[in-house]
Amino acid sequence: MKLINKYVDKHGAGHVTLRPEDDEDMWHLYNLIQKGDSVRAPAIRRVQKTSTTGSIDSQRIRLNLTLKVTNVEFSSYSAAAEQSSSTDPTGSNNSAALQIAGRVIVENPHVKLGAFHTLDIEANRDVRIEKMDGWDSVALSRVEEAIVPGRGAEVGAIVCGEGTAAFCLLSEHMTLVTHRISVPIPRKAAATGSSQHEKALTKFYSTLYDAFIRHIPFGNAGLKAIVFASPGWTRDSVYEYVMQEAGKRNDKALQRALKEKGIRIHISSPHVHSLVEVLKSPELKETKFAREGLTLDKFHKMLATDELRAWYGPKHVALAAERGAIGTLLISDELFRYVCALYLRAQTYKPFDDRASDPGTRKKYVALVEEVQQKGGDAVIFSSMHESGQQLNLLSGIAAILTFPLDIEVVEAEEKEEEDQRKKREMEVDEKEEG
């Protein structure tokens with residue numbers, strides 16, 4: 001993402017102009033743009049003109065429109081890959097889509113004020129954002145992260161099973177499933193069955209090799225690791241086949257990439273959700289997104305060994321923050337978007353209803369992050385496009401590792417006692433005023 005222009009005063013008022021360049025940039029914009037914001041971006045609109053003779057001429061023109069946002073939708077290539085492994089075998093449509101709907105608030109010669117329009121955000125086109133409630137610390141931090149140069153996919157992963165494989169690209173904020181293959185593998189039986197088994201395996205390996213070449217950018221300097229993950233020993237067989245085939249085809253670049261970047265990791269199941277186990281691997285600790293997996297793993301271990309220091313849920317985490325007990329805050333970026341978690345499975349994100357777009361929800365969580373940081377704690381914002389983020393969403397999207405143990409029941413009892421005392425004082429004041 002390129003920062004084209006930025007003006008934000010000390011009160012958070014102002015605007016930021018960004019130029020997205022890839023799928024991850026679209027994800028950043030999706031997290032930045034919210035209902036009520038003002039967004040200016042290029043659009044294509046069909047315009048009709050009537051000549052003096054009465055004939056109508058229709059043409060499509062490109063123009064810049066400024067909308068007051070009413071809805072934002074994001075869909076990744078993963079959605080298509082989930083449904084079909086045969087669609088777009090070349091990967092040419094491997095891109096995310098971001099759509100912003102709203103009413104025009106700046107008049108244009110071709111579009112009336114107040115007209116409804118939907119912007120399809122395009123790569124390498126400038127997007128100007130002015131936030132309705134000002135730029136808070138989380139939004140500004142997201143902008144700073146997005147404009148760091150040299151980002152992109154850091155890890156390519158092939159999650160394998162017997163006859164199945166999913167090809168994934170993992171970057172700092174996203175996990176994209178770029179392709180899937182499935183080849184039926186019959187079991188070994190008699191001699192004939194054994195022959196059919198070997199033929200099916202050969203077909204599977206051949207198909208996997210061709211898909212690997214198309215969907216894993218092994219030649220990219222920014223790709224730090226190529227992971228072969230599976231239960232059992234499938235990963236070793238796949239790795240050895242790809243290495244041998246590269247040797248037969250004299251593909252020295254692929255051989256060098258496999259030797260330098262190839263990692264084989266055991267996982268519990270041949271499904272994409274097992275990537276969270278890959279993120280915990282010590283071989284990937286240098287990657288930026290691995291911090292999320294390691295932090296979540298630390299929370300689960302704390303929950304199992306010392307549950308008084310592992311809290312989750314908005315109410316309980318807020319109580320822990322009030323007491324300055326949070327050492328590490330785990331929070332999903334979904335909570336800053338007010339989006340229902342049911343949409344995570346479909347990889348298509350959009351607000352469910354007006355209740356989900358309550359600005360007070362975002363402000364509450366932004367204040368919580370700032371409070372934890374001011375008291376010396378660490379806040380890790382999880383991406384819901386990573387498996388670790390989706391697992392955190394199953395825990396309500398927010399959790400905390402405490403610096404000292406706190407008993408939830410004791411804390412809730414203290415809160416109840418304080419609330420009773422407050423109500424008693426209010427009643428006494430009311431009685432005095434009436435008297």
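A few remarks follow.
- Ordered by solvent-accessible area of protein heavy atoms (1.4 Å probe), largest first, the residues Ile408, Ile129 come out as Ile408, Ile129.
- Annotation: lysines with alpha-carbon distance below 21 angstrom to Lys259 (same-chain offsets under eight excluded): Lys224, Lys248, Lys285.
- Restriction of the trypsin sites (Lys or Arg not before Pro) in segment 123-160 to DSSP coil positions whose beta-carbon has at most 12 other beta-carbons within 10 angstrom yields no sites.
- Residue-level accessible surface for Thr403, protein heavy atoms, 1.4 Å, Å²: 80
- 24 Å Cα-Cα threshold exceeded, pairs from Lys6/Lys68; Lys315/Lys416; Lys2/Lys298; Lys35/Lys298: Lys2/Lys298; Lys35/Lys298
- Each of Val238, Leu402, Gln196 was placed along the dipole of the chain (beta-carbon charges, centred on the mean Cα), and the one lying farthest toward the positive end is Gln196.
- Computed over protein heavy atoms with a 1.4 Å probe, the carbon and sulfur contribution to the accessible area of the chain reaches 49%.
- Between segment 300-332 and segment 1-54, the Cα center-to-center distance that results, in Å: 38
- Calculated accessible area for the chain comes out at 50 Å² per residue, all protein chains present (probe 1.4 Å; ligands, DNA, RNA ignored).
- Within the chain, the selection of entire DSSP H helices by a Cα span of 18 Å or greater along the long axis and an average Kyte-Doolittle value of at least -0.5 returns 290-305.
- Over the residues of the chain, the helix contribution to mean residue ellipticity at 222 nm works out to -11500 deg cm²/dmol, using -39500 (n - 2.57) for each DSSP H run of at least 4.
The values are calculated or read from the model by the stated rules, or taken from the named source; none is laboratory data. Predicted model only: the values in this text are computed from it and were never measured. FYI the Cβ positions are ideal-geometry reconstructions off the backbone, even for glycines, and counts take in every protein chain you see. The area values use the complete protein model at the heavy-atom level, side chains included, leaving out ligands, DNA and RNA. Shrake-Rupley method; radii C 1.70, N 1.55, O 1.52, S 1.80 Å.
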